[in-house]
């Protein structure tokens, strides 16, 4: 095998990088200057039989959220171990955009729908805030 | 202060609180690390939050002996590489080497090639592997690799060339 063939091979079959090399890279990585925003996970437990309706309502909520200026991300996750639970992860660039989100019509609409869809109050865990 | 082993244990049990604690303590570093491999700070944030989301859905497999830093470095690196690969596919961009020998091979033949590559890599010295991981895996920058190995730029290029020749010979 010549070097051109080797280069082609390693472009199509990724080279396995050892853990120790990645640890060295990690230790050489400086934390970047970044503006802290608001990152949170909302846990929702659906009433039995309401799982699909809760998911649909939450997906509409996510679509509306992502149209809001300052909303950086919103994604829905269903733990494999518990199909009645939905986890909503949200990211906002600032407290102000998070406040606008909470004051929005779509937020109020979801809260209203949740009254019939949830088996327990939502739980909110903040991963980052201001 | 939660210990690294407690964090890993909580992650393995799929606890949302453990994911949150991990992000609070290590999120900034995770984003900075992802930034090395993807093009843009916003994308690096997306990579990390996508990874956390996957851990919430399916707790990661964590071995008792795992070190938190090793776990995070490998997880974020692979999530970043996967993101780049997915992005290329979504943009309808062709494989990096269209119609290359490996692309044309049947899956079994490709797997055989991977095995041969793995075996050949095992026969290289640690320094040779570091050089190749820098060049092909983009795990380190050239400057970082030079610093780790304590060599000049000229020596880096010379030794990288030798490492490539050595690997090519092993794959003959």
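Values computed for the structure shown
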item: Scope region A:94-112; condition crowded, with 17+ Cβ neighbours inside 10 Å and either in contact (Cβ under 8 Å) with a residue 60 or more places away in the chain or under 25 Å from residue B:24 (Cβ atoms) (or both); matching residues; result: A:97, A:98, A:101
item: Tally, over region B:121-172, of residues that are within 8 Å of another protein chain (Cβ to nearest Cβ), outside any helix (DSSP H, G or I) and more than 26 Å from residue B:79 (Cβ to Cβ); result: 2
item: Criterion: at pLDDT 95 or above and within 20 Å of residue A:128 (Cα to Cα) - qualifying residue of B:76, B:19, B:31; result: B:76
item: Candidate set from region A:19-60 (those that are surrounded by 17 or more Cβ atoms within 10 Å (Cβ to Cβ), at pLDDT below 95 and in a loop (DSSP other than H, G, I, E, B)); member that is nearest to the other protein chains (Cβ to nearest Cβ); result: A:29
item: Residue satisfying all of: in region A:6-15; within 7 Å of another protein chain (Cβ to nearest Cβ) and assigned to a helix (DSSP H, G or I); surrounded by the fewest Cβ atoms within 10 Å (Cβ to Cβ) among these; result: A:11
item: Total residues in region B:27-44, condition assigned to a helix (DSSP H, G or I), more than 7 Å from chain A (Cβ to nearest Cβ) and crowded, with 20+ Cβ neighbours inside 10 Å; result: 3
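The values are calculated or read from the model by the stated rules, or taken from the named source; none is laboratory data. As the structure is a prediction and not an experimental result, all values here were calculated from the model. Cβ: placed from backbone, ideal geometry, glycine included. Neighbour counts: every protein chain shown.
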